[in-house]
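Scroll down for the structure; my scribbles are underneath it.
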Amino acid sequence: MIPFLDLKAPYNELRIEIDAAVSDVLQSGWYILGPVVDRFEQEYAAYCEIKHCVSVGNGLDALHLTLLAMGVGPGDEVIVPSNTYIATWLAVSQCGAIPIPVEPSEATCNIDPTKIEQAINKRTKVILPVHLYGQPADITPILTIARQYGLRVLEDGAQAHGARHNGRYLGGHGDAVAWSFYPGKNLGALGDGGAVTTNDTELAERLRLLRNYGSSVKYVNEVRGYNSRLDPIQAAVLSVKLHKLNEWNSRRHKIAQRYQQSLAGCGLRLPLTPHWAVPAWHLYVVRSPQRESLQAHLTANGIGTLIHYPIPPHLQQAYLNLGYKPGDFPIAETMANQVLSLPMGPHLTTAQQDKVIAAILSFKS
Ligand SMILES: *Cc1c(COP(=O)(O)O)cnc(C)c1O
């Protein structure tokens with residue numbers, strides 16, 4: 001059996017360091033925020049080459065609290081991709097605002113910058129591109145549009161730790177990036193976690209208030225805040241794992257290159273990386289009109305695959321109230337019917353990948 005992703009392997013590689021770091025937190029008697037969380041925030045900000053990192057409880061809260069800190073509220077509109085994970089949309093709804101879907105580019109699966117302008121009106125406050133599958137979205141034209149209309153840009157980087165755009169790590173381009181440290185992400189905790197990176201000092205300060213009951217001095221509440229904090233146990237784990245991020249991403253990169261070479265010409269649509277992008281290869285996603293039979297063939301050969309994502313947000317029951325119907329966002333809908341994520345991760349061995357490739361090449365549609 002070749003699993004889609006082996007979550008135990010990264011822990012086992014770092015077991016001695018992680019166990020020691022967790023044990024130190026357990027011994028410290030300090031279990032919420034504090035020095036271990038501060039240290040991780042400084043390390044992650046330095047890694048991203050950004051001034052501030054504010055950690056929070058999870059990636060959804062990172063998005064939600066940043067939108068609130070940007071002043072998004074009821075009646076406002078936020079531009080989102082039509083083919084993202086539902087968290088991107090939920091963060092907007094949680095502010096009482098409306099997610100306005102924009103179709104992705106067929107080539108890259110990321111939001112199509114040429115379709116953003118037609119979705120902007122006087123209620124639009126923020127553009128929220130997603131670096132889906134770890135592929136950097138085309139941020140340069142998005143920033144140009146945002147500046148032209150006075151909008152803010154929040155990037156969903158939940159799948160893109162360590163990805164680069166034009167040589168720079170994500171985070172220095174737009175106003176802020178929201179990150180998730182869900183265990184399966186490229187930088188994953190052993191539980192929930194999230195963060196926001198930004199060069200905007202005022203935004204960072206507002207986020208620090210919002211994540212902690214609206215309070216910077218204990219029992220003095222400046223705004224009606226939330227409880228969304230990264231705990232020191234997870235921060236300690238993340239500090240250990242951060243040292244491995246680039247090495248693990250380069251292993252993902254090699255696996256992706258090998259898939260690209262071995263699967264070229266086999267009839268599947270393979271990921272396309274623009275020249276200015278260094279992806280984090282969170283997922284390796286192929287597309288096929290025979291997706292269901294290909295997945296069944298791989299399952300029969302003992303190979304785990306997943307679909308990211310089978311139902312686009314506008315067709316989810318959760319968003320029935322927006323009144324969308326099948327056919328409204330055809331590119332997202334076709335992708336949902338065709339995408340298949342192959343096994344990918346820093347601990348996938350060459351022998352395992354050989355088996356995946358052989359099984360795909362033996363598929364007769
Ligand atoms: C994982 C993910 C999130 C949410 O992160 P959580 O930590 O699970 O809340 C948001 N957006 C995208 C694109 C994701 O993949």
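Take the Cα radius of gyration of segment 247-365 and divide it by 2.2 N^0.38 Å, with N its residue count; two decimals is plenty.
Computed over Cα atoms of segment 247-365, the ratio equals 1.17.
Per residue, how many Å² of accessible area does the chain show with a 1.4 Å probe? Please report the intermediate quantities before stating the final value.
Working: 15750 Å² over 365 residues.
The answer is 43 Å² per residue.
Which lysines have a Cα less than 23 Å from the Cα of LYS254, not counting those fewer than 8 places away in the same chain?
Within reach: LYS8, LYS185, LYS241, LYS244, LYS355.
Rg (Å, one decimal) plus Dmax (Å, integer) for the alpha carbons of segment 126-176?
Values for segment 126-176 (Cα only, Rg and Dmax): 10.2, 29 Å.
Heavy atoms only, probe 1.4 Å: what % of the accessible area of the chain goes to carbon and sulfur, would you let me know? Could the numbers behind the result be given before it?
Working: 8440 of 15750 Å².
Carbon plus sulfur share of accessible area: 54 percent.
For segment 11-144, go through all pairs of different Cα atoms, get the mean of 1/r, take its inverse, and jot down that Kirkwood value in Å. Could the numbers behind the result be given before it?
Working: mean 1/r = 0.0580 Å⁻¹.
In segment 11-144 this quantity evaluates to 17.2 Å.
Mind grabbing the accessible area of ASP76 for me, 1.4 Å probe, Å², rounded to tens?
My reading of the accessible area for ASP76 is about 20 Å².
Project the alpha carbons of segment 107-248 onto their principal axes and report the range along each, largest first, in whole Å.
That works out to 45, 41, 21 Å along the principal axes.
Which loop GluC sites (Glu not before Pro) in segment 53-139, with loop taken from DSSP, have no more than 15 other Cβ atoms within 10 angstrom of their Cβ? Let's see the in-between values first.
On the way: sites: GLU77, GLU106, GLU117; in loops: GLU106.
Filter output for segment 53-139: GLU106.
Going by amide H atoms built from the backbone, whose H comes under 5 Å of the H on TYR85, apart from near neighbours?
Close amide H contacts, sequence-distant or interchain: none at all.
Output ³J(HN,Hα) for segment 97-111: one whole-Hz value per residue in order, computed from phi by the Karplus curve 6.51 cos²θ - 1.76 cosθ + 1.60 with θ = phi - 60°, and x for Gly and Pro.
8, 10, x, 10, x, 10, 5, x, 6, 4, 6, 9, 6, 9, 3
Each residue of segment 83-95 in order: what ³J(HN,Hα) in whole Hz does its phi give by Karplus 6.51 cos²θ - 1.76 cosθ + 1.60, θ = phi - 60°, with x for Gly and Pro?
Here the 3J(HN,Hα) series is 10, 9, 5, 4, 4, 4, 6, 4, 4, 5, 4, 5, 8 Hz.
Please report the net charge: other residues with Cβ closer than 15 Å to the Cβ of LYS355, K and R +1, D and E -1.
Values: positive: ARG258; negative: ASP6, ASP354.
Result for the neighbourhood of LYS355: -1.
For the chain, take every pair of Cα atoms, bin their distances at 10 Å starting from 0, and report each bin as a whole percent.
Per 10 Å bin, starting at 0, the Cα pair percentages come out as 5, 24, 32, 25, 11, 2, 0.
The values are calculated or read from the model by the stated rules, or taken from the named source; none is laboratory data. Fair warning: this is a prediction, and the values are worked out from it, not measured in the lab. Methodologically, a virtual Cβ is constructed for each residue, glycine included, from the backbone with ideal geometry; neighbour enumeration extends over all protein chains shown. Just the protein is used for accessible areas: all its heavy atoms, side chains included, with ligands, DNA and RNA removed. Shrake-Rupley method; radii C 1.70, N 1.55, O 1.52, S 1.80 Å.
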